[in-house]
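The values are calculated or read from the model by the stated rules, or taken from the named source; none is laboratory data. Keep in mind that this is a model prediction, so the values were computed, not measured. Here the Cβ positions follow ideal geometry from the backbone for every residue, glycine too, while neighbour counts run over all protein chains shown. Side chains are part of the model used for accessible areas, which takes the heavy atoms of the whole protein and leaves out ligands, DNA and RNA. Shrake-Rupley method; radii C 1.70, N 1.55, O 1.52, S 1.80 Å.
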Amino acid sequence: MIKVKEAIIVEGKYDKIKLSNFIDGLIITTDGFGVFKNKEKQFLIRHLAEKRGILILTDSDGAGFVIRNFLKGTVPKDKIKHAYIPDIFGKEKRKDKPSKEGKLGVEGISEEILCRAIANSGAECNLYDGYVKSEKEITKADLFEYGLTGGQNSSKNRSKLKEYLNLPSKMTANSMLDTLNCLLTKNEFTDICRRLFYFDKEEEENA
C-alpha cells in the first residue's frame, strides 16, 4: 500500500475503488459534475485542502479537465497538487463501449501508471525512489526559449512534447510546466527539446 498525505480527489466511485486497492489515504469523489452544485462537497474539499492539501486525479478527457479547473477555482493554489494520467485509448471492462473521447479513465489505468502520476505530482507519499523527482528548475522562460510558448508554432510544439512524454493532450501550458518540473530535470528537458525541435529545424535547413 502507498500512503498519501493529501486527500485524493477523483471523479467517481469506480475510480475510488481502483485507488483503494493500493492507496492508504483519504479518497473523495466529486460524483462527476455533481460537485458543481453540491455545496457540502465543496466545503469538505476546501476544508481538506486547508488541513492536509488535496491531490486532484481526474480523467484526461474534456470532462475531467472541466472538473479539475472548477476545483482549481475553489481552493487556494498552494493547497493543490495535480496528478495527470496520459491519453490512453481503450474501454474499461465494465463498460459496453468506450467513452465519448475513447480514452481510458482513472479506473481503467494500470496501477503502475497511476503510481507514476501520483509520484510526479509532488504529493507527500512513500513511493519508492525510482518514481520520485523533486528538482523544479524549468521556467516559463525555458518554455519560450524552446518554442513552447509565445511563438507561431507553440501549440504544435507543445502537442509534440506532450505526445512524446505521454501527457494529456488537453493540458494547458501552465499545467504542463508544473508537470515537467515533476517529471524531468532541466537537463533532461533541454535534451528532449533539442531532439524534438532543433533536430527538425536542422533537417529543414539542410533539405
Residue match in region 17-25 (condition: on the phi < 0 side of the Ramachandran plot, in a loop (DSSP other than H, G, I, E, B) and at pLDDT 95 or above): no
Counted residues, region 72-98 - those being under 20 Å from Cys125 (Cβ atoms), of a type outside the set (Gly, Ala, Ser) and surrounded by 14 or more Cβ atoms within 10 Å (Cβ to Cβ): 8
Residues located in region 26-51, provided they are touching a residue at least 40 places away in the same chain (Cβ under 8 Å) and within 17 Å of Val4 (Cβ to Cβ): Leu48, Ala49
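Any residue that is of a type in the set (S, T, N, Q), open to solvent by 40 Å² or more (accessible area, probe 1.4 Å) and in a helix (DSSP H, G or I) - is there at least one of those in region 35-45?
no
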Lone qualifier among Ala119, Ala49 - being in a helix (DSSP H, G or I), more than 15 Å from the chain's Cα centre (by Cα) and not β-branched (Val, Ile, Thr): Ala49
